[in-house]
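To start, the structure under review is shown below, and the notes come after it.
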Amino acid sequence: MLMARPTKHQPERGDARTRLLEAARDVVRTKGFAATSVDDLCRAAGVTKGAFFHHFESKEALGIAAAEHWSEWTGALFKAAPYHDLPDPVDRVLGYIDFRRSIIDGNVMEFTCLVGTMAQEVYGAYPALRDACAASIFGHSATIEPDIEAAMAASGIRNGWTPRSLSAHIQAVLQGAFILAKASDDPQVARDCIDHLKRYLTLLFSREGGPART
């Protein structure tokens, strides 16, 4: 999915479990899941190791909970985004892309996706954590499928591909953009990828001239 931001330079106040989840969001995006230790998480959250193991039986268990916490936070972020208010479905799809571009800000860690970061590392070693990451990514992807379906209808696109397949492609471009931004340590690379994605979608849903496309 996500990316998403913001990050916190200090863990949020609250109970130890919440502080550990917020710490995981930031530390794992900075160091990766494998390189993040329980000590790192406790230090960032300002809690003891005893508190950690009171709430989570392992680092994997925290990772699963962090993926779910990420989904809740990003779900609220995207639900409140302004593109939902646009009357035209094509504009809503393009507005979603614009919104994704607008939250690329700060250093790479601050806008990259927690669950995408973990999925790249753990898909073979931690199946339960991989599945939690998949649920987050594909759960978010499903939220834009209704707008894609409406945009297809408005543009006269009748068959050949599905809203789900295009939504997955959009997420693939976004996650790939994050990887390239990490590799180059340059957020502009991600913005450029998203700009190309918007050009593609604009052409895909173009309704100028000609009959309905298939």
With all protein chains in place and a 1.4 Å probe, residue 186 shows an accessible area in Å² (nearest 10) of 60
Using 0.36 nm per residue of separation minus the Cα-Cα distance, give me the extension gain between residue 150 and residue 99 in nm, one decimal. 16.5 nm
Using a 1.4 Å probe and counting only protein heavy atoms, arrange 200, 123 so the residue with the most accessible area comes first. 123, 200
Considering only protein heavy atoms, with the full assembly of protein chains and a 1.4 angstrom probe, order 118, 109 by accessible area, largest first. 109, 118
Structure-based [θ]222 nm, the chain - -39500 (n - 2.57) summed over DSSP H runs of at least 4, per residue, nearest 500: -22000 deg cm²/dmol
Please give the length that would be gained between residue 135 and residue 73 if that part of the chain were fully extended, namely 0.36 nm times their separation in residues minus their C-alpha to C-alpha distance (nm, one decimal). 20.9 nm
For segment 103-109, take each phi angle, set θ = phi - 60°, evaluate the Karplus expression 6.51 cos²θ - 1.76 cosθ + 1.60, and give the result in whole Hz per residue in order, putting x for glycine and proline. 9, 7, 8, x, 7, 4, 4
Per-residue HN-Hα couplings for segment 111-124, Karplus 6.51 cos²θ - 1.76 cosθ + 1.60 at θ = phi - 60°, whole Hz, x for Gly and Pro? 10, 7, 9, 4, 6, x, 4, 5, 4, 4, 8, 9, 4, x
Computed label-point distance, nm, for sites residue 164 and residue 81 using a 7 Å Cα→Cβ extension: 2.1
Cβ-Cβ FRET estimate between residue 199 and residue 125, R0 fixed at 41 Å, reported to 0.05: 0.65
Compute, for residue 169, the solvent-accessible surface of its heavy atoms (probe 1.4 Å) with the complete set of protein chains present, and express it in square angstrom to the nearest 10. 80
Under the Karplus curve 6.51 cos²θ - 1.76 cosθ + 1.60, θ = phi - 60°, whole-Hz ³J(HN,Hα) for segment 39-46, x wherever Gly or Pro sits: 4, 4, 5, 5, 5, 5, 7, x
For 54, 140, what's the largest-to-smallest order of accessible area, 1.4 Å probe? 54, 140
Between the alpha-carbon centers of segment 158-174 and segment 68-103, tell me the distance in whole angstrom. 16
Trypsin sites (Lys or Arg not before Pro) within segment 106-207: which are DSSP loop residues with at most 16 other Cβ atoms inside 10 Å? 158, 207
Between residue 54 and residue 88, with labels modelled 7 Å along Cα→Cβ, what's the label distance in nm to one decimal, could you check? 5.6
With a 1.4 Å probe and all protein chains left in place, how much accessible area per residue does the chain have, in Å²? 48
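Percent of accessible area on the chain owned by carbon and sulfur, 1.4 Å probe?
Answer for the chain is 55 percent, counting heavy atoms of protein chains only.
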For residue 49, go through the lysines and keep the ones whose alpha-carbon is under 24 Å away, minus same-chain ones fewer than eight residues off. 8, 31, 59
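Given R₀ = 30 Å, FRET efficiency for residue 186-residue 31 by Cβ-Cβ distance, to 0.05?
Values: r = 19 Å, r/R0 = 0.65.
Once rounded, the FRET efficiency stands at 0.95.
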With every protein chain in place, what's the accessible area of residue 161 (1.4 Å probe, Å², nearest 10)? 70
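The values are calculated or read from the model by the stated rules, or taken from the named source; none is laboratory data. Bear in mind the structure is a predicted one, so any value in this text is a computation, not a measurement. Reconstructed Cβ throughout: ideal geometry from the backbone, glycine too, with neighbour counts over all protein chains shown. Side chains are part of the model used for accessible areas, which takes the heavy atoms of the whole protein and leaves out ligands, DNA and RNA. Shrake-Rupley method; radii C 1.70, N 1.55, O 1.52, S 1.80 Å.
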